[in-house]
Amino acid sequence: MEDPQAPPVGTKGTVRGVDDIGSIMVAWDNGCGLSVAYGEDICRRCDHD
């Protein structure tokens, strides 16, 4: 993420939805509420341990 308040690389979160422009709304485990911007940011699905 190109944002000064972005969660650190490796931070996990829970997907809460997808908005009209395709951004993935995430509740990050560190309390951050930034969305993942489609085509700009990189994320991947992690299965629960």
Simple Cβ-charge dipole of the chain, Lys/Arg +1 and Asp/Glu -1, about Cα centre, in debye nearest 20: 160 debye
Full-stretch length increase - Asp20, Asp41 - with 0.36 nm per residue and alpha-carbon distance subtracted: 5.9 nm
Which of Leu34, Cys46, Thr11, positive extreme of dipole for the chain (C-beta unit charges): Cys46
Answer label for Kirkwood radius over Cα pairs in Å (calculated), chosen among (1) 11.2; (2) 13.7; (3) 12.2: (1)
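No value in this document is a laboratory result; all are computed from the given coordinates. Only a predicted model underlies this, so the values are computations on that prediction, with no experimental measurement involved. Cβ coordinates were reconstructed from backbone atoms using ideal geometry, including for glycine residues, and neighbour counts include every protein chain displayed.
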